[in-house]
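Visitor: Input: one structure, supplied below.
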Amino acid sequence: MNYPKEYRDITRMDVANYLEKRFIKEDSVVSRNVGGEFILVPIRRSATEVDSIYTLNEVAARIWDLIDGVKTVAAIRDAIVGEYEVAPDEAEKDLLDLLMQLQSVNAVREA
């Protein structure tokens with residue numbers, strides 16, 4: 001499988017361990033559906049970071065909804081596979097990539 005670049009050097013066992021993690025949304029990020037677009041807005045950033053608004057596509061918005069601190073990454077992957085026409089490997093790759101991005105902008109953290 002072609003994992004995000006951050007995961008290219010890790011073993012399948014490391015990915016399996018990541019799939020058992022749980023994430024929670026940071027309180028410093030709010031989500032809104034504005035005119036049919038789903039956005040994440042950091043509310044506790046400096047003035048220099050005011051342009052840090054993130055738009056999510058439909059699947060990413062659904063993943064955002066599923067992040068609750070209880071569901072594992074694997075459970076979120078399985079929900080996405082069940083709701084959308086996507087192969088498990090592709091869903092997993094895209095989910096890992098999205099979670100890495102969300103972590104990098106401090107929108108989520110491990111529960």
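Visitor: For residues that are over 9 Å from the mean Cα position of the chain (by Cα) and assigned to a strand (DSSP E or B), scanning just region 85-111, find the one that is surrounded by the most Cβ atoms within 10 Å (Cβ to Cβ).
Guide: 109
Visitor: Only one of these conditions is not met by residue 45: (1) out of contact with any Phe, Trp or Tyr (no Cβ under 9 Å at 6 or more places or on another chain); (2) at pLDDT 95 or above. Which number is it?
Guide: (2)
Visitor: Tell me whether region 32-45 contains one or more residues that are small (Gly, Ala, Ser) and under 13 Å from the mean Cα position of the chain (by Cα).
Guide: The answer is no; no qualifying residue exists.
Visitor: While we're looking at this one, here's another question. Might you check whether a residue that is loosely packed, with under 12 Cβ neighbours inside 10 Å and aliphatic (A, V, I, L, M) occurs anywhere in region 75-83?
Guide: no
The values are calculated or read from the model by the stated rules, or taken from the named source; none is laboratory data. Since we're looking at a predicted model, the values are computed, not measured. Every residue, glycine as well, gets a Cβ built from its backbone with ideal geometry; the counts of neighbours run over all protein chains shown.
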